[in-house]
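Taking it in order: structure first as structure tokens, then the write-up.
The values are calculated or read from the model by the stated rules, or taken from the named source; none is laboratory data. Treat the numbers as computed from the prediction; the structure is a model and nothing was measured. Glycine also receives a Cβ, built like all others from the backbone with ideal geometry; neighbour counts cover every protein chain displayed.
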Amino acid sequence: MERNHLIKPTLDQDYPTISHGNGIYLYDTDGKQYIDGSSGAVTASIGHGVLDIVEAMTEQARKVSFAYRSHFTSEAAEALAKKLSELAPGDLNWSFFVNSGSEATETAMKIAIQHWQEKGFERKNRIISRWTSYHGITMGALSMSGHVPRRKRFVPLLEDFPSISAPYCYRCPHNNETSGCKLKCADELETAIQRVGSENIAAFIAEPIIGASAGAVTPPDGYYQRIKEICETYDILFIADEVMTGIGRTGKMFAMEHWGVTPDIIALGKGMSAGYTPIAATMITDRVMEPILKGSKSIMAGHTYSANPLSAAISLEVLSYIERNDLVRAAEEKGQYLFKKLQGLAEKFDIIGDVRGKGLLLGLEFVSDRVSKTPFDLQIGLTPRLVNKAFAKGLIIYPAAGAIEGIAGDAVIISPPLIITNEEIDRLVMILEASLDELQQELHAEGLIEDMQAI
Ligand code: PLP
């Protein structure tokens, strides 16, 4: 056998080879068709093989693909930054381009710290974040991430930024399921600030809807309004990590619009180019930029490929495609249709404990007992088993296991491209149902669950 040189996610696993994509479908080199039910890693929001993007890509590449940002600006990068400022709420009028979501959140952290330094507050350099969160894999971004399995190997090198509970209503950290929500999880931010001292804190960072670490966990109404209030009271910047939620995915251009809250800094990635090129951005308000403009006049961050003309032209065309085809509204409408279908599955399968999310960022959480919400032991591998069964049947869904302190919690994300039709949603749900059926029967045979309605 020929030896392998590519380091893949799991080294002893065989992966099919991708051949091509079209719309919501991907095809491997054996001709097998897959519904991209998760848009890859919640990325391919306009679907695969869109020729308008290929044309924009080619047109820019014919002119110039790369020019270093210290030497030139480009029409494409200028136009993209302008477009984003038009789309974003409030005075988020500035964009710093990077290549990945991790770089976007890490840059957000650095800009927040620099903002305070330039105002003369040298000590305001800590970040507060939440447990059950994911902000990226580089050391700064991982320091902010409350994702136990991804942190574990590097804990001695990481900052202990995750300090407060996530707004995880299904498993309310304050046991308020019965007594009613008083937004105590938001008030935890105030307590954390008081403990550390606002004079030491630059910013608070949160994913509007929690993605990779929990599976579309959506906060209660009023949560972000309260968070913003606390940030303002204590002079702390609010960074919204919209890497997964941004650019239409949740049925609004920016997920924070669901709650009418304008953050001071936004990190974007994934949907910005819908997978057609690696590009991400840190967006900043006029207020945050002001001391930097008056002071050093330079943000201490950046990468060789930051703001490269080719990626910028591709992202610009993706944004234009989303607008031309009204895909933000589509995300909301199709999301409602898919949500109802998933609720239908929850009526059939007792192992579905929760259906959640907004727009086309939806999640299912699994439990061994619905009343007590008892999670399965992580060793059972429910999430990978379901993901693998669906994959074998031609449906890609995204695993989000480990939300309960990294030792339990099974969940998946269903987040197809925003172009999906109702008929395609029906097909997606049919394959998911068949996969759940098979899984539930297996769990029953293994004595891991009792009475089931499904068989
Ligand atoms: N932030 C959020 C909310 C994410 O979901 C992710 C990736 O899943 C990241 C940051 C990191 O993005 P990337 O994988 O592009 O570095």
Being over 25 Å from K124 (Cα atoms) and in contact with a strand residue (DSSP E or B) (Cβ under 9 Å, 6 or more places away or on another chain) is the requirement here; does K228 meet it?
no
Six or more apart or on different chains, Cβ atoms under 8 Å: show the pairs whose first residue is in the range 84-112 and of a type in the set (K, R) and whose second is more than 9 Å from the ligand (Cβ to nearest atom).
K110/G140; K110/I299; K110/M300; K110/A301
Counting only residues in the range 289-313 that are out of contact with any helix residue (DSSP H, G or I) (no Cβ under 7 Å at 6 or more places or on another chain) and assigned to a helix (DSSP H, G or I), the one surrounded by the most Cβ atoms within 10 Å (Cβ to Cβ) is identified as S311
Filtered residues of the range 320-337 (kept if assigned to a helix (DSSP H, G or I) and under 10 Å from G248 (Cα atoms)):
I322, E323, L327, V328, R329, A330, A331, E332
Any idea which residue in the range 192-211 is farthest from S100 (Cα to Cα), counting only those that are within 16 Å of the ligand (Cβ to nearest atom) and either of a type outside the set (A, V, I, L, M, F, W, C) or surrounded by fewer than 23 Cβ atoms within 10 Å (Cβ to Cβ) (or both)?
P208
Could you please tell me which pairs satisfy a Cβ distance under 7 Å, a separation of 6+ or placement on different chains, a first residue in the range 63-82 that is of a type in the set (F, W, Y), and a second residue that is not in a helix (DSSP H, G or I)?
F66/N308
Taking T277, is it closer than 26 Å to Y305 by Cα, buried (at least 24 other Cβ atoms within 10 Å of the Cβ) and at pLDDT 95 or above?
no
When only residues in the range 149-169 that are surrounded by 17 or more Cβ atoms within 10 Å (Cβ to Cβ) and away from the ligand (no atom under 16 Å from the Cβ) count, which is farthest from C185 (Cα to Cα)?
S163
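This table checks each residue for (1) surrounded by 23 or more Cβ atoms within 10 Å (Cβ to Cβ); (2) within 17 Å of A214 (Cβ to Cβ).
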position: L338; (1), (2): yes, no
position: E365; (1), (2): yes, yes
position: R385; (1), (2): no, no
position: K393; (1), (2): no, no
position: G409; (1), (2): yes, yes
What pairs can you find where one residue is in the range 238-251 and without any contact (Cβ under 8 Å) to a residue 60 or more places away in the chain and within 20 Å of K228 (Cβ to Cβ), the other is near the ligand (Cβ under 8 Å from one of its atoms) and of a type in the set (K, R), and their Cβ atoms are less than 9 Å apart, with a gap of 6+ or different chains?
G246/K270
Tell me yes or no: at least one residue of the range 280-287 is within 13 Å of the ligand (Cβ to nearest atom), out of contact with any strand residue (DSSP E or B) (no Cβ under 9 Å at 6 or more places or on another chain) and polar (S, T, N, Q).
no
Over the range 100-143, the set of residues assigned to a loop (DSSP other than H, G, I, E, B) and within 16 Å of the ligand (Cβ to nearest atom) is S100, T132, S133, Y134, H135, G136, I137, T138
Requiring at least 1 residues that are out of contact with any strand residue (DSSP E or B) (no Cβ under 6 Å at 6 or more places or on another chain) and of a type in the set (D, E, K, R), the strands (runs of 3 or more DSSP E) wholly within the range 349-421 are 352-358
Quick check on this structure: which one of I425, I414, I351 is over 17 Å from G215 (Cα atoms), surrounded by 20 or more Cβ atoms within 10 Å (Cβ to Cβ) and at pLDDT 95 or above?
I425
Output for the range 221-270, where each listed residue is within 16 Å of the chain's Cα centre (by Cα), more than 15 Å from the ligand (Cβ to nearest atom) and among the acidic types (D, E)
E257
